[in-house]
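Accompanying notes for the structure given below.
The values are calculated or read from the model by the stated rules, or taken from the named source; none is laboratory data. Small disclaimer: the values here were computed from a predicted structure and weren't measured. When we count neighbours, we look across all protein chains shown, and the Cβ atoms used for this are built from the backbone with ideal geometry, even at glycine.
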Amino acid sequence: MVVLVGFAVLALVVAVAAWLVRRVSRVITIHDYEGALEFRDGTLIGLRNAGRHRLWGSRTRLEPHDLRPDMISVAGQEITTADHIAIRVSLVGQSRVVDLVKAFHDRRDSQQDLYVALQLATRDAVVRRTVDEVLQQRDAIAQEVMASVQPQAQGLGLDVLSLAVRDVTLPADLKRAMAGVLQAQKESQRELEKARGEQAVLRSLANAGRLFEGNPGLLQARLIQALERGGNTLVFGSELMPPSKPKTGKS
């Protein structure tokens, strides 16, 4: 009887202890794609990685943050090129958090700071180029901007993984002018190809004429070959017919 009472008391103590643990603590789960800042009484005291973490009391708090790559999208901003034409250039890319403290503690909005840095770097890269250079050097501009902002991104706790020029928007009148130039180029190419074809035919005919001139038998053989194919029409001119003799009347 005493043993049963002892077991009952022990079970009661364990249950009360478990209840107290649940009351004074809580479990926070950090996923494998997250990291967390740990605060105590509002002060940063460290970092927590993925896993289940038990926090005691209300003085400690975990602040999880997603560490997966995030999209960068810089909307088109109006920039004047070296030849004084206003165009709009937009960017797209990816970044990720590499330092939780710099990205989410030392800065209020690290992504916004990166956005502004990308805008300024894009402006610097475009104003030194003409419109034609901007259109032809999109990849070079993206690489230049990425190299320019990477040190600033590191200071923000971020890493720029990729960057590309998404759109280059031209003024409407310039679009029409460029379309006209492109159409003229295509017309010139068409006329050039047509002239080349005609020249090739003429060269072939000239070569055949010289060949037939030196070898009359080949011309006859070619005529016979054409007749054998059928569907040909032969026209005999008057110069091929023998002249008729005039009739003379009897006196």
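Values as computed for the structure displayed
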{"item": "Tally of residues being closer than 18 Å to Leu67 by Cβ, touching an Asp or Glu at 6+ places or on another chain (Cβ under 7 Å) and of a type outside the set (Gly, Ala, Ser) across the stretch 27-43", "result": "3"}
{"item": "Residue among Asp109, Asp66, Asp83, Asp99 that alone is at pLDDT below 90, over 24 Å from the mean Cα position of the chain (by Cα), within 28 Å of Ala142 (Cβ to Cβ) and not small (Gly, Ala, Ser)", "result": "Asp83"}
{"item": "Test: residue in the stretch 62-74 that is under 20 Å from Thr169 (Cβ atoms) and basic (Lys, Arg)", "result": "no"}
{"item": "Qualifying residue in the stretch 151-173 (condition: more than 18 Å from Gln119 (Cβ to Cβ), hydrophobic (A, V, I, L, M, F, W, C) and at pLDDT below 85)", "result": "yes"}
{"item": "Flag if Leu55 is at pLDDT 90 or above and either under 23 Å from Ile28 (Cβ atoms) or not assigned by TED's automatic domain parsing to the domain that holds Ala36 (or both)", "result": "no"}
{"item": "Residue tally, condition surrounded by 13 or more Cβ atoms within 10 Å (Cβ to Cβ), among the small types (Gly, Ala, Ser) and in contact (Cβ under 8 Å) with a residue 60 or more places away in the chain, over the stretch 128-178", "result": "2"}
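Each row is one residue, and each column tells you yes or no for (1) out of contact with any Pro (no Cβ under 8 Å at 6 or more places or on another chain); (2) within 27 Å of Gly35 (Cβ to Cβ); (3) in a strand (DSSP E or B).
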| site | (1), (2), (3) |
| --- | --- |
| Ser90 | yes, no, yes |
| Ser95 | no, yes, yes |
| Ala121 | yes, no, no |
| Asp124 | yes, no, no |
| Asp132 | yes, no, no |
| Asp139 | yes, no, no |
